[in-house]
Structure formats: C-alpha cells, structure tokens
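Trainee: I am attaching a structure below and will ask some questions about it afterwards.
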Amino acid sequence: MEIREDINTTLAGQIKGAISWPGNGFWGPSAVQRAIDAGGNRLCRPLIITDAGAWRAASSVVLAALTTNAIQDWQVFDGVVSNPSLVPVHGALRMARENTCDSIIAVGGGSAIDVAKVVFGCLCSGLEPEELATLQGREWLDAAAAPGDPVLLAIPTTSGTGSESSSAALIQDENGRKRLYRSLRTRPSLVALEPALTLTLPFQPTAQGGFDALLHALGAWINADNNPIGKAMAIQALHMCMHALPLVLDKPGCLAARADMQMGAYLAGVAIGISKVDAVHAMCTPLESVVDMAHAEALAPVFRVVSRYTAQTHAGVYANAARHLNIAGTGDDHRDALSLIGRVEDLARQANISLHLSNLQLTKQQAGQLATQALQSASMPLNPRNLTHEEVSSLYLQMVN
C-alpha cells in the first residue's frame, strides 16, 4: 500500500514530463532473427563489434540470421576488452569507415555495446571519439535523432550493465578515468534479448553482471528522481533481479532464470536511462580509476558503506522496496531497510564479491580527490541523503576498513 500511495502522489504532483522509450526490443527464442528481420535493408553492410569470447558464443546465431535476410557483406571487429579505452573505439571506427559500413551490430556485454555506441555516434556525426566528448560533439549527442541515422542493434550476451537499453556509454580516457557519453541518439534502436546466448557465460561474469544490474535497479528506485515511469521500471527490475540472480548462480543452466535475469538487466537499463542512479554508482566510477578490478567488485564495498549511511536518515525508500519484495514488513523503516541491505549483501557473498577493499590503501588527500570527482556525477544530487564533500571523502576511507 505504501508503494501505491507513493506512486500516486508522484503522478498527482507532476504537472509535466516526457519519456523517450528505447527502440524496438525482441526477447525469447529467435530474438536475434526477429530483430535482424526488423532491421531489413537498413542492415545491408553492418559492422559487428564484439569481443572474442562473445563472438565464439553467438556468431552462429547472428550469422545465420544475417544470411536468412540475404545479408552477406558484413565486417567483424572482435577487439573489445573489459573496461575499454579509446583504442578499440578507434579500431572499430576505422574498420567501419574503410568498409563503408552503414549500420552497427553490438554483440557481447556492456563493454562491446558501449564501444558500439561511441563508434555509432562518430559514424553518424563524422566526428572523432575525442571530438564527440567536446562541445561540438555534445551538440550532436543532444540533438534529436535524424531519420537518416543508421541502425544500431544490440545483442547482449550478458545480463548486467543494461547498456542495450540505456543512453550512456563509459569509455576510459588516456588517464584511466571513465568518460561518459550520454545520448538518446546512440541508444540502440533494435535490441535482441535471446537468453540462450547467456548460458555459456561463466560464473564470475554472470555473478558480477547480475550484481551490477541489481544495484542499477535499486539505485533508480531509491533516488530522488520523481519520474513515475522510471520508478515503475526500477521496482520491476529490482523484483526480477532479486529473484533471478540467486537462481542463476545456483543453477546456471536454468534458461528461465537466465531469461528473467536478462530482462531484469534490460529493465534496469531503461530505469537508469530515465531516472539515473544514486551515490553508489556516482562514487564507484572515480574509484575504478585507482583500482584494478571488475565493476561489481568496486560496487559492493561502496554499497556496503553508502547504503547504510543513507539509511540512517532516509530509511523509508529502502524499507518500501523491502516491503514490496516481501523481504521485510515489520513497520519499522530502519529495521526493514537494513533487511533489504542485508539481503543485497548476502547476494554479493553468494556471488563471491567482497564487500571490502582490503587491498586498497587510501590517504585522506586521495579520498578527497575521489570525492571531488564523485560530486560531479549527475546521480550524486539524486541520492536520498545529501552528501557533502567531507562525507563522501569519509565514506571512501571507510570502504578500506
């Protein structure tokens, strides 16, 4: 009942709003074939951007679908790596231009899709990746999609970042800092969610991706953004991720659980595209410039500290989620909030993701520098509890203890 009242209040109080829905999505068996069918002759000369492992797992399905549509002229760039820099972006863009590719197909996880988004933006705008991050590039990224823009098809083989349905792409610059490219123009216009493609994904990337998706959904739910569609997507994604992630980890061959996890990650991507996240992801991004670990391995220690600190003054947003998910219902906001936070931490343990940064040493000065970067995130002001520079710096130091 509390959730229903909160949403109704939001609807009644919001006098205007706007929503740009993601492109055409297909899910379930033969999703890849159906998505490529929908692309039709707009996929005449695609560049496939992927990594070697994802391409081994998905190539037969993708190529069969292209062949069925009499598409023979494609190129494959399989040089994407985790936490990609501008190097694979330049490599894929060069291949696209040399072969006059007229569309992009991203196959893989968030790294491949993020690279594809930036390549797509450069291909459409005629700009270089570095120029896309300038004011000139920002003008193109912020403009409305043009009718002649080519097709970007995303075929995720992981269930994690939700890049296939979000408007953001993260690419490391030459200093190792993640550069954010955000645009509705580079969000995939076609998405194929075929859960069978995730069955061969090993335990570690399955666990880490699922935990990232879970925190996307939770961050979009608890933050201060009041878009009712974003909240609806967030709570549905949170429900699916909380249910599916432990099943996928326990029974990795369960296709139904894989399908739910993939849809949960997709909906979480929609949610963050509408509503952004909270201080957890805002603080994680700068931290990843100084630690050599997977995204989820940085997320978990940040979540442990930030969620509990936020719940000290704003327990209600966590408590509402706990009650909606039937995790707790004591009526005591703080107790119910801690039940939800504890359940998320239990999932991190099941996923073999540490909640502590035991091997990282941070000085007070370094923590302050990270705090300065974190406070520049668009998601930081949306955290339920307003955090000062001093508080953010202190929270960073608590993560290593």
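The values are calculated or read from the model by the stated rules, or taken from the named source; none is laboratory data. Predicted, not measured: the structure shown is a model, and the values here were computed from it. With ideal geometry, Cβ positions are generated from the backbone for all residues, glycine too; neighbour counts draw on all protein chains shown.
Trainee: If you check SER125, SER111, which single one turns out to be more than 23 Å from the chain's Cα centre (by Cα) and either assigned by TED's automatic domain parsing to the domain that holds LEU43 or under 24 Å from CYS241 (Cβ atoms) (or both)?
Mentor: One residue alone meets the criteria, SER125.
Trainee: Let me ask something additional. If we keep just the residues of segment 135-162 that are among the polar types (S, T, N, Q) and modelled with pLDDT of 95 or more, which is farthest from SER59 (Cα to Cα)?
Mentor: Residue satisfying both the conditions and the ranking: SER159.
Trainee: Let me ask something else about it. Taking VAL290 as meeting all but one of (1) of a type in the set (Val, Ile, Thr); (2) crowded, with 22+ Cβ neighbours inside 10 Å; (3) in contact with a Leu (Cβ under 9 Å, 6 or more places away or on another chain), write down the number of the exception.
Mentor: Unmet for VAL290, out of (1) of a type in the set (Val, Ile, Thr); (2) crowded, with 22+ Cβ neighbours inside 10 Å; (3) in contact with a Leu (Cβ under 9 Å, 6 or more places away or on another chain): (2).
Trainee: With (1) in contact with an Asp or Glu (Cβ under 6 Å, 6 or more places away or on another chain); (2) surrounded by fewer than 24 Cβ atoms within 10 Å (Cβ to Cβ) as the list, and ALA296 as the residue in question, which single condition is left unmet?
Mentor: Only one criterion in (1) in contact with an Asp or Glu (Cβ under 6 Å, 6 or more places away or on another chain); (2) surrounded by fewer than 24 Cβ atoms within 10 Å (Cβ to Cβ) is unmet by ALA296, namely (2).
Trainee: Residues that are charged (D, E, K, R): list the helices (runs of 4 or more DSSP H) wholly contained in segment 166-275 that include at least 2 such residues.
Mentor: 228-250, 255-275
Trainee: Further, regarding this structure: Of the residues ALA259, ALA268, ALA296, only one is in contact (Cβ under 8 Å) with a residue 60 or more places away in the chain, touching a Gly at 6+ places or on another chain (Cβ under 6 Å) and of a type outside the set (Ser, Thr, Tyr); which?
Mentor: ALA268
Trainee: Among LEU184, LEU193, which is the only one that is under 30 Å from ALA143 (Cα atoms), buried (at least 24 other Cβ atoms within 10 Å of the Cβ) and either of a type outside the set (Val, Ile, Thr) or not assigned by TED's automatic domain parsing to the domain that holds GLU345 (or both)?
Mentor: Answer to the check: LEU193.
Trainee: Could I ask something else about it? Is it the case that segment 119-137 has a residue that's in contact with a helix residue (DSSP H, G or I) (Cβ under 6 Å, 6 or more places away or on another chain), over 21 Å from ASP173 (Cβ atoms) and either among the polar types (S, T, N, Q) or in contact (Cβ under 8 Å) with a residue 12 or more places away in the chain (or both)?
Mentor: No; the residues of segment 119-137 include none that is in contact with a helix residue (DSSP H, G or I) (Cβ under 6 Å, 6 or more places away or on another chain), over 21 Å from ASP173 (Cβ atoms) and either among the polar types (S, T, N, Q) or in contact (Cβ under 8 Å) with a residue 12 or more places away in the chain (or both).
Trainee: Kindly list, by first and then second residue, each pair from a residue in segment 168-189 that is under 17 Å from LYS276 (Cα atoms) to a residue that is acidic (Asp, Glu) and crowded, with 21+ Cβ neighbours inside 10 Å, limited to pairs with Cβ atoms under 6 Å and residues at least 6 apart or on different chains.
Mentor: ALA169/ASP114; LEU170/ASP114
Trainee: Then there is this: Being β-branched (Val, Ile, Thr) and farther than 21 Å from ALA268 by Cβ is the filter here; which residues of segment 147-197 pass it?
Mentor: Result: VAL151, single match.
Trainee: Shifting gears a bit: Return a yes/no flag: does segment 244-252 have any residue that is of a type in the set (A, V, I, L, M, F, W, C), crowded, with 24+ Cβ neighbours inside 10 Å, assigned by TED's automatic domain parsing to the domain that holds LEU347 and within 19 Å of HIS356 (Cβ to Cβ).
Mentor: The answer is no; no qualifying residue exists.
Trainee: Follow-up question, since we're still on this one. Could you tell me whether any residue of segment 376-399 is closer than 25 Å to ASN227 by Cα, over 21 Å from the mean Cα position of the chain (by Cα) and of a type in the set (D, E, K, R)?
Mentor: Yes, because at least one residue in segment 376-399 is closer than 25 Å to ASN227 by Cα, over 21 Å from the mean Cα position of the chain (by Cα) and of a type in the set (D, E, K, R).
Trainee: Now for a separate question. Say we look at segment 1-28 and pick out the residues that are part of a loop (DSSP other than H, G, I, E, B) and more than 21 Å from ALA268 (Cα to Cα); which of these is modelled with the lowest pLDDT?
Mentor: Only one residue tops the list, namely MET1.
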